[in-house]
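**Student:** Sharing a structure here in C-alpha cells format.
Nothing in this text is a laboratory measurement; each read-out follows from the coordinates by a stated rule. What you see is a predicted model, and the numbers here were worked out from it, not measured in a lab. Reconstructed Cβ throughout: ideal geometry from the backbone, glycine too, with neighbour counts over all protein chains shown.
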Amino acid sequence: MITDDIAEFAQAVPPLSPLIGLDLGTKTIGIAISDTFLSVASPIDTIKRTKFTADAEAVIAYITSRNIGGLVLGLPRNMDGTEGPRCQATRAFARNFDRMRPIPITFWDERLSTVAAEKALLEADTTRKRRSEVIDHVAASYILQGTLDRLRYLKG
C-alpha cells in the first residue's frame, strides 16, 4: 500500500511496529529507524546506491531484522511545492519496492531536511569528513522524525 495520506498510512501500520525512513539520494540512501512507540527517529546507516534490486534488498534486510511496520520516503519537492524529476524517481522507487516487499509506504516532504541535518552537524562541531559520512542518515532521521511528530499530532 502506497499513500500520500498520513492518516491512512497510520491505520495500515501494525501496532508497536517501528518505522524506517529513507533519504533517497542519487548516490546514497540514508536510513533511520524509529522506536516501537513511534516517538524517536535514530539515524542508522547510509548505503551506497548501485542497482535498484541491490538497494531494495539492503533496505529489506533492515525491515526484516527489525520487524519494521512501515516505510517513509523523503519526497524532494521543489521549493514552490511542485514535484520534479526527483519526486518522480522517489515515487517509482516506492512502486518498485512495493512489488518486492509489500509494506505500508508513505511520503514526507523533505524540503530542507539536508539543510537542517547539516546545520545540526555544524553546531555539534562535526568535522567536514564526518559530516559527509553521516549527512544522509541524519537527513533520513529528520524525515522520519517529522512523520513521527505528525502521527503523534493525529492521535491527539
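**Student:** What is the distance, in nm, between label points placed 7 Å from the Cα along the Cα-to-Cβ direction at A58 and at D4?
**Tutor:** 2.9
**Student:** Say R0 is 30 Å: what FRET efficiency, to the nearest 0.05, do V40 and R101 get from their beta-carbon distance?
**Tutor:** The pair V40/R101 has a calculated efficiency of 0.80.
**Student:** How much length is gained if the chain between A92 and K48 is pulled fully straight, taking 0.36 nm per residue apart and subtracting their Cα-Cα distance, in nm to one decimal? Mind dumping the intermediate values first?
**Tutor:** Details: separation 44, 0.36 × 44 = 15.84 nm, distance 1.86 nm.
The A92-K48 span can extend by a further 14.0 nm.
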